[in-house]
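**Student:** Before I ask anything, here is the structure I am working with.
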Amino acid sequence: MDINLSTCFIAVDDHDKALAFYRDVLGMEVRNDVGFEGMRWVTLGSPAQPDVSVVLEPPLADPNASPADRQAMAELLAKGLLRGVIFTTDDVDATFEHIRAAGGDVLQEPTDQPYGVRDCAFRDPAGNMLRFNQRPKE
């Protein structure tokens with residue numbers, strides 16, 4: 001059986017701010033930008049991984065959601081509790097400096113983890129945690 005990741009979803013409260021981060025800072029390419037019933041979905045991906053996409057979606061993609069549900073999702077997003085994504089990079093220190101220089105919200109500076117990776121962490125403009133891992137050099 002051959003199973004591969006195709007798409008992951010990240011909730012954002014401001015697609016334009018998220019685009020400035022994911023496209024302009026991380027270097028992802030925009031593959032699709034769709035609006036429907038007052039909501040927006042933007043699909044991006046790394047040029048190095050054409051078969052893997054990241055979709056920036058509204059925190060609650062349901063036009064019939066109650067105001068209370070919308071408020072609850074907004075609060076979870078603001079706390080950074082909805083999603084996290086882990087990216088890999090060949091140089092975590094250079095990636096860290098690039099994102100920090102662009103104004104990234106640092107959660108953790110590059111650190112050698114006991115489970116075998118060197119990583120760092122940021123919050124995206126919506127508050128989602130993003131980790132950047134570098135596998136040990138062999």
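**Student:** Can you list the residues, at least 5 places off or on another chain, whose amide H is less than 5 Å from the amide H of Thr88, using H built in the peptide plane?
**Tutor:** Asn133
**Student:** Going by alpha carbons, how many degrees (0 to 90, nearest 10) lie between the helix axis of 67-78 and the longest principal axis of the chain?
**Tutor:** Between helix and principal axis, roughly 10 degrees.
**Student:** How large is ³J(HN,Hα), in whole Hz, for each residue of the stretch 125-133 in order, when computed from phi with the Karplus curve 6.51 cos²θ - 1.76 cosθ + 1.60 and θ = phi - 60°, using x for Gly and Pro?
**Tutor:** So the Karplus estimates, Gly and Pro as x, are x, 8, x, 5, 7, 10, 10, 10, 9 Hz.
**Student:** Looking at Gln71, Val34, Val117, which one has the Cα that reaches farthest to the positive end of the dipole of the chain (charges on Cβ: Lys, Arg +1; Asp, Glu -1)?
**Tutor:** Selected residue: Gln71.
**Student:** Another question, if that's okay. Using a simple charge model, +1 on the beta-carbon of Lys and Arg, -1 on the beta-carbon of Asp and Glu, nothing else, what dipole does the chain show about its Cα centre, in debye to the nearest 20?
**Tutor:** Numbers: 13 positive and 23 negative charges, 33 e Å.
In total the dipole reaches around 160 debye.
**Student:** While we're on this one: Give me the one-decimal nm value for the distance between modelled label points at Thr111 and Arg31, 7 Å along each residue's Cα-to-Cβ direction.
**Tutor:** 3.2
**Student:** Order of Thr43, Thr95 from fewest to most other C-beta atoms within 10 Å? Before the final figure, lay out each step's value.
**Tutor:** Values: Thr43 18, Thr95 22.
By the 10 Å Cβ count, ascending, the order reads Thr43, Thr95.
**Student:** While we're here: Can you sort Lys17, Lys79, Lys137 by how many other beta carbons sit within 10 Å, fewest first? Walk me through the numbers before you get to the answer.
**Tutor:** Working: Lys17 13, Lys79 9, Lys137 6.
Fewest to most other Cβ atoms nearby, the residues stand as Lys137, Lys79, Lys17.
**Student:** Spelling out what I want: for every residue of the stretch 49-63, take phi, set θ = phi - 60°, compute 6.51 cos²θ - 1.76 cosθ + 1.60 (Karplus), and round to whole Hz; glycine and proline get x.
**Tutor:** 10, x, 9, 10, 10, 10, 10, 8, 10, x, x, 9, 7, 9, x
**Student:** Right, here's the next one. Please report the net charge: other residues with Cβ closer than 12 Å to the Cβ of Arg70, K and R +1, D and E -1. Mind showing how you got there, number by number?
**Tutor:** Working: positive: none; negative: Asp13, Asp62, Asp69, Glu75.
With Lys, Arg at +1 and Asp, Glu at -1, the neighbours total -4.
**Student:** Quick check on the chain: of the DSSP beta bridges with both residues there, what percent are antiparallel, nearest 5%? Walk me through the numbers before you get to the answer.
**Tutor:** Working: 21 of 31 bridges.
Antiparallel: roughly 70 percent of the beta bridges in the chain.
**Student:** Hey, with R₀ at 35 Å, roughly what FRET efficiency would Phe87 and Met39 work out to, going by the Cβ-Cβ distance, to 0.05? Don't skip to the answer; put the middle values down first.
**Tutor:** Numbers: r = 26 Å, r/R0 = 0.73.
Calculated transfer efficiency: 0.85.
No lab work stands behind these numbers, since they all come straight from the coordinates. Just so we're clear, the structure is a prediction, and the values are computed from it rather than from any experiment. Counting neighbours? That spans all protein chains shown, and the Cβs are built from the backbone with ideal geometry, glycine included.
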